[in-house]
C-alpha cells in the first residue's frame with residue numbers, strides 16, 4: 001500500500017512538472033509572436049527609425065532616421081505605409097561623416113489635401129502612436145538602366161551664396177486638363193550658414209536652369225531661419241502651400257523654387273518633394 005501511494009505521489013509530481021514546462025514553453029512562444037507583431041518597421045540594419053511624428057502637420061509626417069550599417073554615398077529607398085498600404089516613397093543618401101557620427105536626418109512625407117487639419121488634433125501624440133498607424137520600409141535603391149539619350153535632370157541638392165533670388169532648376173512641369181484651379185505644395189530641407197529665403201514660382205515656356213536669375217510668378221515666400229546657436233549641418237524643414245486659381249487648361253507650366261542667402265554664407269536645399277494638382281514626385 002505504501003509503495004502504491006509513493007508511486008501515485010511521484011506520478012502526480014511528474015505531471016505537475018510537465019505542466020509547468022509546457023506552460024513556460026507556451027509563454028515563451030507567445031512572447032516571441034507578440035514581439036514580432038509589435039514592429040512593422042523593416043530597415044534591414046541600414047538605419048534606425050528613431051521617431052515618427054507630425055508636430056507641425058503643415059510640414060507633413062516626419063520620419064527620423066539614424067544610419068547604422070548604411071554605405072556612404074549610396075541611395076536608399078524609404079517607403080512609407082499607412083495601415084499596411086503603400087503611401088509614398090522617398091530617397092535618402094548619407095555621406096561618410098554623417099555615418100561616422102550617426103547623424104539623425106528627417107524626411108518629410110506630404111499629407112494629402114485636408115489631412116493636415118485632421119492630424120492637427122493628434123500633433124501632440126508620441127512617436128509610438130504614429131508608428132501604430134504608419135510604418136517604414138528601407139532598402140537599397142536598384143539602379144535604373146540608363147537609356148541611350150537621357151534628358152538633363154536637376155541635381156538632388158541646390159546651393160547658392162547669392163543675396164538675390166536665383167532659380168534651383170527643378171524643371172517640374174504640369175498641364176491642367178480639366179480645371180485651371182490647382183493646389184501647389186512644395187517642401188524640403190535647408191542647410192544654412194546664417195539664414196535665407198525660399199519661394200515657389202511658376203511660368204510657361206522653357207523651364208529655367210539652376211542658378212538662373214529669378215523669373216516667373218512667385219508664390220509663398222518662406223524665411224529660412226532663425227539660425228542662432230545652430231550649426232549648418234542641421235536641417236531646417238520648409239513647406240510652401242498655395243492655391244493657383246487661374247491657370248489655363250491645356251497649357252504646360254513649369255514649377256520651380258527661388259532661393260537666396262541672407263546675412264552671408266550659403267544656403268543648400270535638398271529632399272525636395274512636391275504635389276501639384278495631384279502630381280507628386282521628388283527632386
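Here, each number is a calculation from the coordinates, and none is a lab measurement. Note that the structure is predicted; figures quoted are calculated from it, not measured. Please note: Cβ atoms are built from the backbone with ideal geometry, for glycine as well, and neighbour counts cover all protein chains shown.
Can you tell me the length gained on complete extension of the stretch residue 83 to residue 71, counting 0.36 nm per residue apart and subtracting the Cα distance?
Working: separation 12, 0.36 × 12 = 4.32 nm, distance 2.96 nm.
So the chain would gain 1.4 nm between residue 83 and residue 71.
Label points 7 Å out from Cα along the Cβ direction at residue 206 and residue 115: separation in nm?
Rounded to a tenth, the inter-label distance reads 3.8 nm.
Arranged by the count of other C-beta atoms within 10 angstrom, fewest first, what order do 254, 124 take?
Listing 254, 124 from fewest to most nearby Cβ atoms yields 124, 254.
Just subtract the alpha-carbon distance of residue 139 and residue 280 from 0.36 nm times their residue separation and send over the number in nm, one decimal.
48.7 nm
Take each of the peptides 185-192, 271-278, 132-139, 244-251, average the number of other beta-carbon atoms within 10 Å over its residues, and list them starting from the highest.
Numbers: 185-192: 22.9, 271-278: 19.5, 132-139: 17.4, 244-251: 12.1.
For the peptides 185-192, 271-278, 132-139, 244-251, the packing ranking is 185-192, 271-278, 132-139, 244-251.
Go ahead and collect, in residue order, the members of the stretch 92-129 whose backbone nitrogen is under 11 Å from a label point 7 Å along the Cα-Cβ direction of residue 157.
93-98
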